[in-house]
Amino acid sequence: MLDQKQFISAIAQIAEEKGILKERVVEIIEMALSAAYKKDYGKRGQIIRADFNPKTSEMKFFQLKLVVDESVLREEVGEDAEAEDSEDSLKREDKKSKDEIEVLAKSGDEKAEDEEGKKIKFNIEKHIMIEDAKKALKKEGAVLVKRAPELDEVEDKIKLLKEAKREIGTKAVKKIELFDYIETPLESKDNYGRIAAQTAKQVIMQRVREAERDVIYTEFKSKEGEVVSGIVQRMEGGSIFVDVGKTTGIMFFNEQIPQERYHIGQRIRAYVIKVEHDARGSLVMLSRSHPKMVIKLFEFEVPEIGGGTVEIKAIAREAGSRSKVAVVSNMEGVDPVGSCVGQKGTRVSTIINELGGEKIDIIEWNKDEAKFIANALAPAKILDVKLSENTRGAKVEVDEDQLSLAIGKNGQNVRLAAKLTGWRIDIIAGGKVVENSEKNIEAPESAEKPKQENSAEEKMENKKETEEDKAGDKKESDNKKEEGDKEKKKKIKKAKKAEKTEESKVEEEKKEEETLEIS
């Protein structure tokens, strides 16, 4: 006998471990029971539904037949009509989709006669004629199950049919229509063979895995666009596999921060780009180089951003090197830049450490495009900004001593400012364009020559710096040589003094010996 308490506790344990609802576990058990019953006591093509009560351990089985008439049946021609009802034809019949059935139901008798390929081949175990269905409903136990429009696969069909509307008696005879179902009870069985038990076990394991995948997918689908924490599990072919709880996320090489190194067991934070669902499970794609990763970290560290007092308007990022964040305050008296930086830089320093030392420039956003561009080029001091709406370009004038700050290392500052503002920025010093930044815009030919001049100037500056470095190195080496010579001279003097003292000692000993001989 089946111990009810142990069985109910087993259902609760599976539901808790896998994160599945208890009702879903009971449905899976009913699927397994119907598969086992069909394996031992059913016939090919039958649609069998099981009803299981976990509290009483009572099992009931029902057979379902689809109501059809001659207008939707395929005509059989020739003496070998019965021979055509083979396994292959039954397999093809089982693969009939709901679309074909719905088309026949809606199109009517005339369209069904024209479309022979969409007609149904009659199977006595699966179908019942409408006249026979009316007779069956007059018998005790037969129930009319109204057709559900969202029928899909066999398992989903059985689930929907269980919850579908039911009619019995004379009312059911009047309401019967094509493609409804007639449900009749079957004799319950308690003894099953080894093969049937193995089939039930496989059904339970498969359905539990599928239910668990669905739970994981729905959980992480809701986390798209969020930052999750995980532990590095393994590294394969440049991709990092991260354990994020119930599943494993993957971070491809192009989504990693350049020059950042990972090791197994390391705990990291990553941005969930996308969650995909397939037959093998859920694929959670992670990123640490995505610009929204910085936004989410600011939301964690800055309460004003999480509460909506301060808003991040735009961001430009070169992962692992530098980021520019434009912020604005939605409340008077709140400093947006100061809120993000924090007291003594505590808030922004936490984000910088999380991103491996990536520099972050926090800029105040402004409705005035010229002021916004000037702020975006910080820390350089801007003299004037001229905008061209037609070309979406901006000419920014700076002093020559501010030129290197405005351009940045390898043009990074002006490039990030262009991404942040959405304008093409040309840096002007001394009346000449010495640097321009392009954002999906081809630079004019006139802007290419000053670039070459600028590169030559940079070369000259680099040469001067190298010469100064060499001169400094020479001075240091000369100083070291002088110090070495001084130390050598001191050592020589000490050695000479030691020799003199030894000679004086020898002379004194000789004198003492001579006095002793004389005496």
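Every residue, every condition in (1) under 26 Å from residue 147 (Cα atoms); (2) at pLDDT below 85; (3) out of contact with any strand residue (DSSP E or B) (no Cβ under 7 Å at 6 or more places or on another chain), yes or no:
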position	(1), (2), (3)
4	no, yes, yes
41	no, no, yes
47	yes, no, no
83	no, yes, yes
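Taking first residues from the stretch 253-273 that are part of a loop (DSSP other than H, G, I, E, B) and partners that are of a type in the set (Phe, Trp, Tyr), the Cβ contacts under 9 Å between residues at least 6 apart in sequence or on separate chains come to 256/262. Going residue by residue through the stretch 234-245, is there one that turns out to be among the basic types (Lys, Arg) and assigned to a strand (DSSP E or B)? Within the stretch 234-245, one or more residues are among the basic types (Lys, Arg) and assigned to a strand (DSSP E or B).
Of all residues in the stretch 54-76, those that are modelled with pLDDT under 85 have Cβ atoms under 8 Å from Cβ atoms of residues that are of a type in the set (Phe, Trp, Tyr), 6 or more apart or on another chain, in 54/7; 57/7; 58/52; 73/122; 74/122. The criterion of at least 2 residues that are at pLDDT 85 or above and of a type in the set (Asp, Glu) is met, among helices (runs of 4 or more DSSP H) falling completely within the stretch 139-233, by 194-221. Kindly indicate whether residue 371 is at pLDDT below 90, not assigned by TED's automatic domain parsing to the domain that holds residue 419 and not hydrophobic (A, V, I, L, M, F, W, C). When the stated conditions are applied, residue 371 does not pass them. With respect to (1) free of Cβ contacts under 8 Å to residues at least 12 places away in the same chain; (2) surrounded by 17 or more Cβ atoms within 10 Å (Cβ to Cβ), the lone exception for residue 280 is condition (2). Is it fair to say residue 204 is surrounded by 15 or more Cβ atoms within 10 Å (Cβ to Cβ) and either over 12 Å from the mean Cα position of the chain (by Cα) or closer than 30 Å to residue 324 by Cβ (or both)? Spelling it out, residue 204 is indeed surrounded by 15 or more Cβ atoms within 10 Å (Cβ to Cβ) and either over 12 Å from the mean Cα position of the chain (by Cα) or closer than 30 Å to residue 324 by Cβ (or both). Within the stretch 345-375, the residues that satisfy the criterion of being aliphatic (A, V, I, L, M), within 30 Å of residue 268 (Cβ to Cβ) and buried (at least 18 other Cβ atoms within 10 Å of the Cβ) are 348, 351, 355, 360, 362, 363.
Evaluated against (1) more than 27 Å from the chain's Cα centre (by Cα); (2) of a type in the set (Val, Ile, Thr); (3) surrounded by 14 or more Cβ atoms within 10 Å (Cβ to Cβ), residue 327 falls short on exactly one condition, (1).
Can you say whether residue 272 is in the same structural domain as residue 334 (by TED's automatic domain parsing), modelled with pLDDT of 90 or more and among the aliphatic types (A, V, I, L, M), as far as the supplied structure shows? Spell out the reasoning first.
Numbers: in the same structural domain as residue 334 (by TED's automatic domain parsing): no; modelled with pLDDT of 90 or more: yes; among the aliphatic types (A, V, I, L, M): yes.
When the stated conditions are applied, residue 272 does not pass them.
Given the conditions (1) touching a residue at least 40 places away in the same chain (Cβ under 8 Å); (2) within 22 Å of residue 206 (Cβ to Cβ), report the number of the one that residue 21 does not fulfil. Exception for residue 21: condition (1).
Out of 236, 255, 224, I need the residue that is closer than 11 Å to residue 285 by Cα and surrounded by fewer than 17 Cβ atoms within 10 Å (Cβ to Cβ). Which one? Even if it seems obvious, please write down each step before you answer.
Numbers: 236 fails: closer than 11 Å to residue 285 by Cα; 255 fails: surrounded by fewer than 17 Cβ atoms within 10 Å (Cβ to Cβ).
Unique residue meeting the criteria: 224.
The values are calculated or read from the model by the stated rules, or taken from the named source; none is laboratory data. A quick note: this is a predicted structure, and the numbers were derived from the prediction, not measured. Counting neighbours? That spans all protein chains shown, and the Cβs are built from the backbone with ideal geometry, glycine included.
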